[in-house]
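Trainee: Questions regarding the structure given below will be posed in turn.
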Amino acid sequence: MPNIVVVGTQWGDEGKGKVVDVITPHVDVVVRYQGGNNAGHTVVVGREKYVLQSIPSGILHRRRCVVGCGVVVNPGALIEEMEALVRRGVVLDGNLFISKNAHLIMPYHPALDRASEAKLGSRRIGTTGRGVGPAYVDKAARVGIRVGDLLNERLFREKLEMNVAQKNRLLREIYDAPTFSVAEILDQYLRYAGWLAPYVTDTGLLLTRWIESGFSVLFEGAQGTMLDIDHGTYPFITSSSTTAGGAATGTGVPPTRIHGVLGVAKAYTTRVGGGPFPAEMSGKIAEHVQARGNEYGSVTGRPRRCGWFDAMVLRYAVRINGLDTVALTKLDVLDQCAAIKICTAYRYQGGILTDFPEDETVVAEAEPVYEEIEGWLATTSGAKNEVDLPAKARRYVERLEELIGVPFCLISTGAQRDETILCETSPLLRWFPSVRSSVL
Ligand code: GDP
Ligand code: IMO
Ligand code: MG
(Lines give C-alpha, C1' and ligand atoms only; values in the text may rest on other atoms or scores of the structure.)
(Ligands and ions follow the chains in the order given, each with its own letter.)
Protein backbone atom coordinates (compact mmCIF):
# COMPACT_ATOMS: atom_id res chain seq x y z
CA MET A 1 0.00 0.00 0.00
CA PRO A 2 1.44 3.39 -0.91
CA ASN A 3 2.82 5.82 1.65
CA ILE A 4 2.44 9.38 0.41
CA VAL A 5 3.66 12.75 1.65
CA VAL A 6 1.37 15.79 1.41
CA VAL A 7 3.42 18.96 1.48
CA GLY A 8 2.75 22.71 1.20
CA THR A 9 4.41 24.21 -1.88
CA GLN A 10 4.22 27.92 -0.99
CA TRP A 11 4.37 29.78 2.36
CA GLY A 12 1.79 27.63 4.19
CA ASP A 13 -2.01 27.72 4.41
CA GLU A 14 -2.37 26.19 0.95
CA GLY A 15 -5.32 24.06 2.07
CA LYS A 16 -3.34 21.01 3.24
CA GLY A 17 -5.99 20.22 5.87
CA LYS A 18 -8.74 19.99 3.26
CA VAL A 19 -6.63 17.87 0.88
CA VAL A 20 -5.53 15.50 3.67
CA ASP A 21 -9.17 15.18 4.73
CA VAL A 22 -10.22 14.24 1.18
CA ILE A 23 -7.52 11.56 0.88
CA THR A 24 -7.71 10.17 4.43
CA PRO A 25 -10.59 7.70 3.84
CA HIS A 26 -8.21 5.83 1.49
CA VAL A 27 -5.33 5.41 3.94
CA ASP A 28 -4.91 3.71 7.33
CA VAL A 29 -2.64 6.13 9.17
CA VAL A 30 -2.00 9.88 9.08
CA VAL A 31 1.19 11.26 10.65
CA ARG A 32 2.49 14.76 11.34
CA TYR A 33 6.26 14.92 11.00
CA GLN A 34 7.29 18.49 11.88
CA GLY A 35 6.12 21.85 13.18
CA GLY A 36 3.89 22.30 16.18
CA ASN A 37 0.90 24.37 17.14
CA ASN A 38 2.08 27.11 14.79
CA ALA A 39 0.12 25.11 12.19
CA GLY A 40 -3.60 25.59 11.61
CA HIS A 41 -5.17 23.05 9.24
CA THR A 42 -8.82 23.69 8.51
CA VAL A 43 -11.32 20.99 7.66
CA VAL A 44 -14.91 21.97 6.94
CA VAL A 45 -17.55 19.25 7.23
CA GLY A 46 -21.02 20.62 6.47
CA ARG A 47 -21.53 23.46 8.93
CA GLU A 48 -18.77 22.27 11.23
CA LYS A 49 -15.30 23.78 11.03
CA TYR A 50 -12.30 22.13 12.67
CA VAL A 51 -8.87 23.75 12.94
CA LEU A 52 -6.26 21.09 13.69
CA GLN A 53 -2.97 22.32 15.12
CA SER A 54 -0.86 19.45 16.45
CA ILE A 55 -3.14 16.49 15.73
CA PRO A 56 -3.24 15.16 12.15
CA SER A 57 -6.32 16.14 10.14
CA GLY A 58 -7.04 12.42 9.61
CA ILE A 59 -8.46 12.19 13.15
CA LEU A 60 -11.89 13.29 11.87
CA HIS A 61 -12.11 10.05 9.87
CA ARG A 62 -11.20 7.87 12.87
CA ARG A 63 -7.89 6.90 11.33
CA ARG A 64 -4.83 6.08 13.41
CA CYS A 65 -3.08 9.41 13.85
CA VAL A 66 0.51 9.88 14.88
CA VAL A 67 2.37 12.90 16.19
CA GLY A 68 5.87 12.04 15.00
CA CYS A 69 9.26 12.64 16.59
CA GLY A 70 9.94 15.69 14.39
CA VAL A 71 7.00 17.60 15.87
CA VAL A 72 7.38 19.97 18.84
CA VAL A 73 4.55 19.45 21.31
CA ASN A 74 3.03 22.04 23.62
CA PRO A 75 1.33 19.60 26.02
CA GLY A 76 -1.15 22.14 27.41
CA ALA A 77 -2.23 23.19 23.92
CA LEU A 78 -2.36 19.56 22.77
CA ILE A 79 -4.59 18.57 25.69
CA GLU A 80 -6.91 21.51 24.93
CA GLU A 81 -7.07 20.41 21.30
CA MET A 82 -7.80 16.83 22.37
CA GLU A 83 -10.53 17.91 24.79
CA ALA A 84 -12.17 20.13 22.16
CA LEU A 85 -12.24 17.22 19.69
CA VAL A 86 -13.66 14.80 22.28
CA ARG A 87 -16.39 17.34 23.11
CA ARG A 88 -17.31 17.29 19.41
CA GLY A 89 -17.56 13.49 19.38
CA VAL A 90 -14.16 12.63 17.90
CA VAL A 91 -12.73 9.36 19.26
CA LEU A 92 -9.08 9.67 20.29
CA ASP A 93 -8.53 6.52 22.35
CA GLY A 94 -6.95 3.88 20.16
CA ASN A 95 -6.51 6.42 17.36
CA LEU A 96 -3.91 8.86 18.69
CA PHE A 97 -0.23 8.03 19.21
CA ILE A 98 2.40 10.54 20.34
CA SER A 99 6.11 10.01 19.83
CA LYS A 100 8.24 9.66 22.95
CA ASN A 101 10.99 11.48 21.08
CA ALA A 102 9.00 14.56 20.09
CA HIS A 103 10.38 17.61 21.89
CA LEU A 104 8.29 19.61 24.34
CA ILE A 105 7.46 23.27 24.02
CA MET A 106 8.08 24.58 27.53
CA PRO A 107 6.55 27.78 29.00
CA TYR A 108 9.84 29.65 28.50
CA HIS A 109 9.82 28.95 24.73
CA PRO A 110 6.91 31.28 23.78
CA ALA A 111 8.43 33.88 26.14
CA LEU A 112 11.77 33.63 24.33
CA ASP A 113 10.01 33.66 20.96
CA ARG A 114 8.25 36.93 21.77
CA ALA A 115 11.28 38.52 23.41
CA SER A 116 13.53 37.66 20.48
CA GLU A 117 11.01 39.02 17.98
CA ALA A 118 10.75 42.27 19.91
CA LYS A 119 14.56 42.63 19.79
CA LEU A 120 14.76 42.02 16.04
CA GLY A 121 12.75 45.16 15.29
CA SER A 122 12.30 45.62 11.53
CA ARG A 123 14.05 42.27 10.87
CA ARG A 124 11.51 40.39 12.93
CA ILE A 125 10.17 37.21 11.36
CA GLY A 126 6.56 37.65 12.38
CA THR A 127 6.41 34.26 14.10
CA THR A 128 3.21 32.80 15.48
CA GLY A 129 4.67 33.37 18.98
CA ARG A 130 4.06 29.74 19.94
CA GLY A 131 7.66 29.07 20.97
CA VAL A 132 8.28 26.71 18.07
CA GLY A 133 11.61 28.26 17.06
CA PRO A 134 13.11 28.27 20.58
CA ALA A 135 11.96 24.65 21.13
CA TYR A 136 13.86 23.58 18.00
CA VAL A 137 16.85 25.65 19.18
CA ASP A 138 16.97 23.53 22.36
CA LYS A 139 16.55 20.34 20.36
CA ALA A 140 19.54 21.21 18.15
CA ALA A 141 21.53 22.42 21.17
CA ARG A 142 20.85 19.04 22.83
CA VAL A 143 19.27 20.54 25.92
CA GLY A 144 15.66 19.94 24.84
CA ILE A 145 13.15 18.00 26.92
CA ARG A 146 11.26 15.25 25.16
CA VAL A 147 7.72 13.92 25.60
CA GLY A 148 9.14 10.65 26.98
CA ASP A 149 10.99 12.57 29.70
CA LEU A 150 7.62 13.55 31.15
CA LEU A 151 7.19 9.93 32.21
CA ASN A 152 10.38 9.93 34.29
CA GLU A 153 9.93 12.50 37.06
CA ARG A 154 13.53 12.48 38.23
CA LEU A 155 14.99 12.97 34.77
CA PHE A 156 12.36 15.57 33.88
CA ARG A 157 13.12 17.59 37.02
CA GLU A 158 16.86 17.45 36.37
CA LYS A 159 16.50 18.68 32.77
CA LEU A 160 13.97 21.30 33.80
CA GLU A 161 16.21 22.74 36.54
CA MET A 162 19.11 23.06 34.14
CA ASN A 163 16.95 24.69 31.47
CA VAL A 164 15.12 27.10 33.77
CA ALA A 165 18.41 28.33 35.24
CA GLN A 166 19.79 28.95 31.75
CA LYS A 167 16.62 30.49 30.29
CA ASN A 168 16.00 32.72 33.28
CA ARG A 169 19.44 34.25 32.85
CA LEU A 170 18.74 34.82 29.20
CA LEU A 171 15.31 36.33 29.86
CA ARG A 172 16.55 38.54 32.69
CA GLU A 173 19.92 39.66 31.36
CA ILE A 174 19.43 39.81 27.59
CA TYR A 175 15.73 40.42 27.18
CA ASP A 176 14.74 42.14 30.41
CA ALA A 177 11.70 39.84 30.53
CA PRO A 178 9.93 37.96 33.39
CA THR A 179 11.47 34.66 34.55
CA PHE A 180 10.03 31.21 35.36
CA SER A 181 9.77 29.01 38.46
CA VAL A 182 10.83 25.35 38.34
CA ALA A 183 8.20 24.35 40.91
CA GLU A 184 5.32 25.85 38.93
CA ILE A 185 6.37 24.26 35.64
CA LEU A 186 7.03 20.93 37.34
CA ASP A 187 3.60 20.88 38.90
CA GLN A 188 1.88 21.84 35.66
CA TYR A 189 3.85 19.46 33.41
CA LEU A 190 3.50 16.46 35.74
CA ARG A 191 -0.26 16.94 35.51
CA TYR A 192 0.04 16.98 31.72
CA ALA A 193 2.15 13.81 31.95
CA GLY A 194 -0.70 11.94 33.66
CA TRP A 195 -3.06 13.04 30.91
CA LEU A 196 -0.82 12.22 27.97
CA ALA A 197 0.86 9.01 29.22
CA PRO A 198 -1.65 6.61 27.61
CA TYR A 199 -0.93 8.09 24.18
CA VAL A 200 2.88 8.22 24.39
CA THR A 201 4.80 5.47 22.62
CA ASP A 202 7.61 4.53 20.24
CA THR A 203 5.80 5.72 17.12
CA GLY A 204 8.72 4.95 14.76
CA LEU A 205 8.44 1.27 15.68
CA LEU A 206 4.65 1.33 15.39
CA LEU A 207 4.74 2.96 11.96
CA THR A 208 7.30 0.47 10.68
CA ARG A 209 5.19 -2.47 11.90
CA TRP A 210 2.03 -1.01 10.40
CA ILE A 211 3.77 -0.48 7.06
CA GLU A 212 5.11 -4.06 7.15
CA SER A 213 1.60 -5.33 7.74
CA GLY A 214 0.37 -3.53 4.60
CA PHE A 215 -1.05 -0.30 6.06
CA SER A 216 -0.92 2.85 4.00
CA VAL A 217 0.47 6.00 5.63
CA LEU A 218 -0.19 9.63 4.72
CA PHE A 219 2.43 12.10 5.93
CA GLU A 220 0.79 15.46 6.62
CA GLY A 221 3.22 18.32 6.19
CA ALA A 222 2.75 21.58 8.05
CA GLN A 223 3.80 25.08 6.85
CA GLY A 224 5.20 25.03 3.31
CA THR A 225 8.30 24.63 1.15
CA MET A 226 9.23 28.32 1.29
CA LEU A 227 9.20 28.18 5.11
CA ASP A 228 11.61 25.21 5.26
CA ILE A 229 14.63 25.77 7.50
CA ASP A 230 17.09 24.83 4.76
CA HIS A 231 15.24 25.48 1.52
CA GLY A 232 12.92 28.35 2.43
CA THR A 233 13.44 32.10 2.28
CA TYR A 234 15.89 32.12 5.22
CA PRO A 235 15.74 33.72 7.76
CA PHE A 236 12.03 34.38 7.21
CA ILE A 237 11.12 30.77 7.72
CA THR A 238 9.98 28.36 10.41
CA SER A 239 12.46 26.16 12.28
CA SER A 240 11.72 22.71 10.86
CA SER A 241 12.13 20.63 7.71
CA THR A 242 8.78 21.29 6.13
CA THR A 243 9.71 19.68 2.81
CA ALA A 244 9.24 16.03 1.85
CA GLY A 245 12.63 14.93 3.22
CA GLY A 246 11.39 15.84 6.69
CA ALA A 247 8.78 13.07 6.46
CA ALA A 248 11.47 10.42 6.95
CA THR A 249 13.51 12.07 9.70
CA GLY A 250 10.40 13.35 11.46
CA THR A 251 8.81 9.92 11.80
CA GLY A 252 11.49 7.23 11.67
CA VAL A 253 10.00 5.79 8.47
CA PRO A 254 12.87 5.26 6.03
CA PRO A 255 12.83 7.12 2.68
CA THR A 256 12.70 3.76 0.88
CA ARG A 257 9.20 3.21 2.29
CA ILE A 258 7.84 6.47 0.88
CA HIS A 259 6.28 6.10 -2.54
CA GLY A 260 5.17 9.53 -3.64
CA VAL A 261 4.86 13.21 -2.88
CA LEU A 262 1.81 15.38 -3.44
CA GLY A 263 2.16 19.16 -3.24
CA VAL A 264 -0.67 21.49 -2.30
CA ALA A 265 -0.76 24.89 -4.04
CA LYS A 266 -3.22 27.73 -3.91
CA ALA A 267 -4.36 29.15 -7.25
CA TYR A 268 -2.68 32.34 -6.00
CA THR A 269 -0.20 32.84 -3.14
CA THR A 270 -0.37 33.98 0.48
CA ARG A 271 2.20 34.62 3.15
CA VAL A 272 1.80 35.50 6.85
CA GLY A 273 4.61 37.29 8.62
CA GLY A 274 7.66 39.08 7.27
CA GLY A 275 10.04 38.29 4.42
CA PRO A 276 10.33 38.70 0.67
CA PHE A 277 7.33 37.96 -1.53
CA PRO A 278 8.09 38.82 -5.18
CA ALA A 279 4.58 38.30 -6.62
CA GLU A 280 2.81 40.17 -3.81
CA MET A 281 -0.34 42.04 -4.89
CA SER A 282 -1.25 45.51 -3.73
CA GLY A 283 -4.24 47.82 -3.74
CA LYS A 284 -7.80 46.81 -4.59
CA ILE A 285 -6.99 43.39 -6.01
CA ALA A 286 -5.08 42.43 -2.84
CA GLU A 287 -8.05 43.51 -0.74
CA HIS A 288 -10.46 41.60 -2.98
CA VAL A 289 -8.50 38.33 -2.84
CA GLN A 290 -7.90 38.67 0.91
CA ALA A 291 -11.63 39.17 1.55
CA ARG A 292 -12.93 36.57 -0.90
CA GLY A 293 -10.33 33.99 0.17
CA ASN A 294 -10.90 34.85 3.84
CA GLU A 295 -7.15 35.16 4.12
CA TYR A 296 -6.76 35.56 7.86
CA GLY A 297 -4.48 33.20 9.80
CA SER A 298 -6.24 30.14 11.28
CA VAL A 299 -3.95 30.33 14.34
CA THR A 300 -3.26 34.00 14.97
CA GLY A 301 -6.04 35.67 12.95
CA ARG A 302 -3.45 37.90 11.29
CA PRO A 303 -4.28 39.07 7.76
CA ARG A 304 -2.37 37.04 5.19
CA ARG A 305 -0.46 38.94 2.51
CA CYS A 306 -1.78 37.98 -0.94
CA GLY A 307 0.02 37.57 -4.25
CA TRP A 308 -0.38 36.06 -7.71
CA PHE A 309 0.47 32.45 -8.50
CA ASP A 310 4.25 32.26 -8.68
CA ALA A 311 5.45 29.54 -11.06
CA MET A 312 9.04 30.17 -9.89
CA VAL A 313 8.05 29.09 -6.39
CA LEU A 314 6.12 26.08 -7.67
CA ARG A 315 8.93 24.86 -9.92
CA TYR A 316 11.25 25.15 -6.92
CA ALA A 317 8.79 23.16 -4.80
CA VAL A 318 8.63 20.50 -7.54
CA ARG A 319 12.42 20.23 -7.47
CA ILE A 320 12.98 20.25 -3.70
CA ASN A 321 10.14 17.85 -2.88
CA GLY A 322 10.28 15.74 -6.05
CA LEU A 323 6.56 16.35 -6.46
CA ASP A 324 4.67 13.72 -8.44
CA THR A 325 1.53 15.80 -8.56
CA VAL A 326 -0.12 18.94 -7.21
CA ALA A 327 -3.55 19.61 -5.69
CA LEU A 328 -4.65 23.10 -6.72
CA THR A 329 -6.86 24.83 -4.15
CA LYS A 330 -9.03 27.94 -3.87
CA LEU A 331 -9.58 28.35 -7.60
CA ASP A 332 -13.02 29.78 -6.75
CA VAL A 333 -11.39 32.76 -5.01
CA LEU A 334 -10.35 34.10 -8.44
CA ASP A 335 -13.87 33.75 -9.93
CA GLN A 336 -14.54 37.50 -9.88
CA CYS A 337 -11.15 38.74 -11.15
CA ALA A 338 -11.37 40.39 -14.57
CA ALA A 339 -7.66 39.83 -15.21
CA ILE A 340 -5.34 37.32 -13.59
CA LYS A 341 -1.56 37.43 -13.50
CA ILE A 342 0.87 34.54 -13.33
CA CYS A 343 4.46 35.14 -12.31
CA THR A 344 6.61 33.15 -14.74
CA ALA A 345 10.13 34.47 -14.01
CA TYR A 346 12.00 37.15 -12.04
CA ARG A 347 13.87 40.12 -13.40
CA TYR A 348 17.06 40.85 -11.47
CA GLN A 349 19.76 43.41 -12.28
CA GLY A 350 18.79 43.56 -15.94
CA GLY A 351 18.69 39.78 -16.40
CA ILE A 352 15.94 37.15 -16.27
CA LEU A 353 15.94 34.38 -13.65
CA THR A 354 13.96 31.23 -14.36
CA ASP A 355 15.12 29.24 -11.31
CA PHE A 356 14.18 30.40 -7.81
CA PRO A 357 17.25 32.15 -6.33
CA GLU A 358 18.42 30.79 -2.98
CA ASP A 359 19.80 34.16 -1.97
CA GLU A 360 17.97 36.38 0.48
CA THR A 361 18.94 39.64 -1.18
CA VAL A 362 18.17 38.45 -4.72
CA VAL A 363 14.67 37.28 -3.71
CA ALA A 364 14.09 40.57 -1.93
CA GLU A 365 15.08 42.63 -4.97
CA ALA A 366 13.66 40.41 -7.73
CA GLU A 367 10.87 41.90 -9.85
CA PRO A 368 8.16 39.53 -11.05
CA VAL A 369 7.69 38.93 -14.77
CA TYR A 370 3.97 38.47 -15.35
CA GLU A 371 1.85 36.86 -17.94
CA GLU A 372 -1.72 38.12 -17.85
CA ILE A 373 -4.82 36.15 -18.75
CA GLU A 374 -8.48 37.11 -18.91
CA GLY A 375 -10.54 36.12 -15.89
CA TRP A 376 -13.51 33.78 -16.32
CA LEU A 377 -15.96 35.89 -14.27
CA ALA A 378 -18.13 32.84 -13.55
CA THR A 379 -18.53 30.43 -10.70
CA THR A 380 -16.28 27.40 -10.42
CA SER A 381 -17.69 25.97 -7.16
CA GLY A 382 -19.73 22.86 -7.66
CA ALA A 383 -17.91 21.73 -10.81
CA LYS A 384 -17.53 17.97 -10.65
CA ASN A 385 -15.16 17.55 -13.59
CA GLU A 386 -12.53 19.68 -15.26
CA VAL A 387 -14.80 19.96 -18.29
CA ASP A 388 -17.49 21.59 -16.13
CA LEU A 389 -15.16 24.52 -15.39
CA PRO A 390 -15.56 27.73 -17.40
CA ALA A 391 -13.30 27.50 -20.49
CA LYS A 392 -11.06 30.35 -19.30
CA ALA A 393 -10.64 28.78 -15.88
CA ARG A 394 -9.65 25.54 -17.57
CA ARG A 395 -7.10 27.42 -19.63
CA TYR A 396 -5.70 29.02 -16.46
CA VAL A 397 -5.32 25.61 -14.84
CA GLU A 398 -3.71 24.12 -17.95
CA ARG A 399 -1.28 27.03 -18.20
CA LEU A 400 -0.23 26.57 -14.56
CA GLU A 401 0.30 22.87 -15.16
CA GLU A 402 2.39 23.65 -18.22
CA LEU A 403 4.52 26.17 -16.31
CA ILE A 404 5.27 23.87 -13.38
CA GLY A 405 5.65 20.68 -15.42
CA VAL A 406 3.72 18.42 -13.05
CA PRO A 407 0.11 17.19 -13.46
CA PHE A 408 -2.64 18.31 -11.10
CA CYS A 409 -4.49 15.57 -9.23
CA LEU A 410 -7.24 17.55 -7.51
CA ILE A 411 -8.75 20.98 -8.05
CA SER A 412 -10.49 22.45 -5.04
CA THR A 413 -13.23 25.03 -5.58
CA GLY A 414 -14.51 25.44 -2.03
CA ALA A 415 -13.75 24.51 1.56
CA GLN A 416 -16.27 21.62 1.65
CA ARG A 417 -15.19 18.05 1.01
CA ASP A 418 -17.37 17.71 -2.08
CA GLU A 419 -16.13 20.95 -3.65
CA THR A 420 -13.31 18.98 -5.18
CA ILE A 421 -12.59 17.90 -8.75
CA LEU A 422 -10.63 14.73 -9.36
CA CYS A 423 -8.49 15.33 -12.44
CA GLU A 424 -8.90 12.81 -15.28
CA THR A 425 -5.33 11.57 -15.22
CA SER A 426 -4.87 12.11 -11.51
CA PRO A 427 -1.82 10.26 -10.12
CA LEU A 428 -3.93 9.83 -6.99
CA LEU A 429 -5.86 7.13 -8.89
CA ARG A 430 -2.68 5.14 -9.29
CA TRP A 431 -2.02 5.33 -5.55
CA PHE A 432 -5.59 5.07 -4.31
CA PRO A 433 -7.97 3.74 -7.00
CA SER A 434 -10.92 4.06 -4.60
CA VAL A 435 -10.54 7.87 -4.63
CA ARG A 436 -12.77 7.99 -7.72
CA SER A 437 -15.82 6.77 -5.84
CA SER A 438 -15.42 9.20 -2.95
CA VAL A 439 -14.48 12.41 -4.73
CA LEU A 440 -16.87 12.20 -7.66
P1 GDP B 1 -3.53 24.65 5.66
O2 GDP B 1 -2.78 25.25 6.80
O3 GDP B 1 -2.67 24.40 4.46
O4 GDP B 1 -4.32 23.43 6.05
O5 GDP B 1 -4.60 25.77 5.21
P6 GDP B 1 -5.54 26.64 6.19
O7 GDP B 1 -6.60 25.75 6.73
O8 GDP B 1 -4.73 27.42 7.16
O9 GDP B 1 -6.12 27.70 5.17
C10 GDP B 1 -6.87 27.31 4.05
C11 GDP B 1 -8.27 27.95 4.17
O12 GDP B 1 -8.94 27.86 2.93
C13 GDP B 1 -9.18 27.24 5.16
O14 GDP B 1 -10.04 28.19 5.73
C15 GDP B 1 -9.96 26.26 4.29
O16 GDP B 1 -11.23 25.93 4.83
C17 GDP B 1 -10.12 27.07 3.04
N18 GDP B 1 -10.16 26.29 1.79
C19 GDP B 1 -9.51 25.16 1.45
N20 GDP B 1 -9.72 24.86 0.15
C21 GDP B 1 -10.52 25.83 -0.34
C22 GDP B 1 -11.06 26.12 -1.64
O23 GDP B 1 -10.83 25.41 -2.61
N24 GDP B 1 -11.81 27.26 -1.76
C25 GDP B 1 -12.06 28.09 -0.72
N26 GDP B 1 -12.80 29.16 -0.94
N27 GDP B 1 -11.57 27.85 0.52
C28 GDP B 1 -10.80 26.74 0.69
P1 IMO C 1 0.22 25.88 8.28
O2 IMO C 1 0.66 24.47 8.64
C3 IMO C 1 1.52 29.95 7.38
C4 IMO C 1 5.08 31.39 9.50
C5 IMO C 1 4.89 32.51 10.48
C6 IMO C 1 6.23 33.20 10.35
C7 IMO C 1 7.19 32.04 10.19
C8 IMO C 1 7.86 31.59 11.49
O9 IMO C 1 -1.10 26.23 8.80
O10 IMO C 1 0.40 26.11 6.81
P11 IMO C 1 7.02 30.24 13.61
O12 IMO C 1 5.93 30.52 14.60
O13 IMO C 1 6.84 28.94 12.88
O14 IMO C 1 8.39 30.35 14.17
O15 IMO C 1 6.89 31.42 12.51
O16 IMO C 1 6.42 30.96 9.68
N17 IMO C 1 4.20 30.20 9.74
C18 IMO C 1 3.16 29.89 8.97
N19 IMO C 1 2.59 30.55 7.96
N20 IMO C 1 1.03 28.76 7.77
C21 IMO C 1 1.61 28.07 8.79
O22 IMO C 1 1.25 26.82 9.11
C23 IMO C 1 2.69 28.65 9.47
N24 IMO C 1 3.44 28.28 10.52
C25 IMO C 1 4.38 29.22 10.66
O26 IMO C 1 3.82 33.35 10.09
O27 IMO C 1 6.28 33.95 9.16
MG1 MG D 1 -2.86 26.94 8.04
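Trainee: Between E371 and R62, take the C-beta separation as r, use R0 = 51 Å, and let me know the FRET efficiency to the nearest 0.05.
Mentor: Computed FRET efficiency for E371 and R62: 0.70.
Trainee: Still on this structure, please answer the following. Per-residue ellipticity at 222 nm for the chain, helices alone: DSSP H runs ≥ 4 residues times -39500 (n - 2.57), over residue total, nearest 500 deg cm²/dmol?
Mentor: Taking each H run of at least 4 residues, the total per residue is -9500 deg cm²/dmol.
Trainee: Right, next: Kindly work out what percent of the DSSP beta bridges joining two residues of the chain are antiparallel, to the nearest 5.
Mentor: 40
Trainee: Quick one: grab the alpha carbon gyration tensor of the chain, order the square roots of its eigenvalues as a ≥ b ≥ c, and give me rounded if a/c is under 1.5, else prolate or oblate depending on whether a/b is larger than b/c.
Mentor: oblate
Trainee: Starting from the Cα gyration tensor of the range 292-440, take the square roots of the eigenvalues, sort them a ≥ b ≥ c, and report rounded, prolate or oblate (rounded when a/c is under 1.5, otherwise prolate if a/b is larger than b/c, else oblate).
Mentor: Prolate.
Trainee: Net charge near L112: determine it from the other residues with C-beta under 15 Å of the C-beta of L112, scoring Lys and Arg +1 and Asp and Glu -1.
Mentor: In short, +3.
Trainee: So, one more: Any idea what angle helix 203-212 forms with the longest principal axis of the chain, computed on alpha-carbon atoms, 0 to 90 degrees, nearest 10?
Mentor: Roughly 50 degrees, rounded to the nearest 10.
Trainee: Work out the length of the dipole vector of the range 371-425 about its Cα centre, built from +1 on the beta-carbon of each Lys and Arg and -1 on the beta-carbon of each Asp and Glu, and round it to the nearest 20 debye.
Mentor: Taking the Cα centre of the range 371-425 as origin, the dipole is about 160 debye.
Trainee: Follow-up. Work out from phi, with θ = phi - 60° and the Karplus expression 6.51 cos²θ - 1.76 cosθ + 1.60, the ³J(HN,Hα) of each residue of the range 398-405, listed in order in whole Hz, and give x for Gly and Pro.
Mentor: Ordered by residue, 3J(HN,Hα) equals 5, 5, 4, 4, 4, 5, 9, x Hz.
Trainee: Under the rule of at least 5 residues apart or a separate chain, name every residue whose amide H is placed under 5 Å from the amide H of V72.
Mentor: Those lying under 5 Å, H to H, from V72 are G35, G36.
Trainee: Points 7 angstrom from Cα along the Cβ direction at A165 and Q349: gap in nanometres?
Mentor: Those two pseudo-labels are separated by 5.0 nm.
Trainee: With each pseudo-label sitting 7 Å past Cα toward Cβ, what's the H259-A338 distance in nm, one decimal?
Mentor: Spacing of the two 7 Å Cα→Cβ label points: 5.0 nm.
Trainee: How much length would be gained if the chain were fully extended between E153 and S122, taking 0.36 nm per residue of separation minus their Cα-Cα distance, in nm to one decimal?
Mentor: That works out to 7.0 nm of additional length.
Trainee: Can you list the residues of the range 27-63 with backbone N under 20 Å from a point 7 Å past the Cα of Q416, pointing along Cα to Cβ?
Mentor: Output list for this probe position: 42-51, 60-61.
Trainee: While we're looking at this one, here's another question. Going by average Cβ neighbours within 10 Å, how do the peptides 258-267, 400-409, 11-20, 187-196 rank, with the highest at the top?
Mentor: Ranking, from highest mean packing down: 11-20, 258-267, 400-409, 187-196.
Trainee: Between M1 and E80, how many nm apart are label points set 7 Å from Cα along the C-beta direction?
Mentor: 3.4
Trainee: Could you pull the Rg and Dmax for the range 135-278, using just the Cα atoms, both in Å?
Mentor: 19.2, 54
Trainee: Tell me which of A383, F356, T203 sits at the most positive position along the dipole axis of the chain, charges placed on C-beta atoms (Lys, Arg +1; Asp, Glu -1).
Mentor: The one lying farthest along the dipole's positive direction is T203.
Trainee: Can you figure out the FRET efficiency of E184 with R395, using R₀ = 51 Å and their beta-carbon distance, to the nearest 0.05?
Mentor: In this case the efficiency is close to 0.25.
Trainee: Still on this structure, please answer the following. Under a point-charge model restricted to the Cβ atoms of Lys and Arg (+1) and Asp and Glu (-1), what is the dipole moment magnitude of the chain relative to its Cα centre, in debye to the nearest 20?
Mentor: Dipole of the chain, to the nearest 20 debye: 720 debye.
Trainee: Under a 10 Å cutoff between Cα atoms, tell me which one of P25, P255, P276 has the largest fluctuation in the Gaussian network model of the chain.
Mentor: Its mean-square fluctuation being the largest, the pick is P255.
Trainee: Go through L60, M312, L190 and say which Cα lies farthest out towards the positive end of the charge dipole of the chain; charges sit on Cβ, +1 for Lys and Arg, -1 for Asp and Glu.
Mentor: Result: L190, furthest along the dipole toward the positive end.
Trainee: Moving to a separate point now. What is the distance in Å between the Cα centres of the range 222-291 and the range 408-430?
Mentor: About 20 Å separates the Cα centre of the range 222-291 from the one of the range 408-430.
Trainee: Okay, moving on. How much of the accessible area of the chain, in percent, comes from carbon and sulfur atoms when a 1.4 Å probe is used?
Mentor: Accessible surface attributable to carbon and sulfur in the chain totals 49 percent.
Trainee: Separate question: Where a ≥ b ≥ c are the square roots of the eigenvalues of the C-alpha gyration tensor, would you call the range 229-343 rounded, which needs a/c under 1.5, or, failing that, prolate if a/b is larger than b/c, or oblate?
Mentor: Prolate.
Trainee: Which ³J(HN,Hα) values in Hz, rounded to whole numbers, follow from the phi angles of the range 281-297 under the Karplus curve 6.51 cos²θ - 1.76 cosθ + 1.60, where θ = phi - 60° and Gly and Pro get x?
Mentor: 8, 9, x, 4, 5, 4, 5, 4, 5, 4, 6, 5, x, 6, 7, 10, x
Trainee: Kindly report the accessible area of the chain per residue (heavy atoms of protein chains, probe 1.4 Å, no ligands, DNA or RNA), in Å².
Mentor: Per-residue accessible area for the chain comes out at 40 Å².
Trainee: For S241, what is the net charge nearby, where nearby means another residue's Cβ is under 11 Å from its Cβ and Lys, Arg count +1, Asp, Glu -1?
Mentor: Around S241, the surrounding residues sum to -2.
Trainee: Moving to a separate point now. As an exercise, use a Förster radius of 25 Å and the Cβ-Cβ distance of R142 and Y175 to find the FRET efficiency, rounded to the nearest 0.05.
Mentor: 0.65
Trainee: Picking from V272, V66, V31, which is most flexible by a Gaussian network model of the chain using Cα springs under 10 Å?
Mentor: With Cα springs under 10 Å in the chain, the top fluctuation among V272, V66, V31 is at V272.
Trainee: Under 10 Å, Cα contacts only: if you run a Gaussian network model on the chain, which one of L92, L205, L334 comes out with the highest mean-square fluctuation?
Mentor: Its mean-square fluctuation being the largest, the pick is L205.
Trainee: Something else now. Nearest 10 degrees is fine. How inclined is helix 182-196 to the longest principal axis of the chain, computing both from alpha carbons?
Mentor: 60
The values are calculated or read from the model by the stated rules, or taken from the named source; none is laboratory data. All figures in this text were calculated on a predicted structure; none of them were measured in a lab. Here the Cβ is made from the backbone with ideal geometry for all residues, glycine too, and neighbour counts use every protein chain on show. Remember, those area values only see protein heavy atoms, side chains included, never the ligands or the DNA or RNA. Shrake-Rupley method; radii C 1.70, N 1.55, O 1.52, S 1.80 Å.
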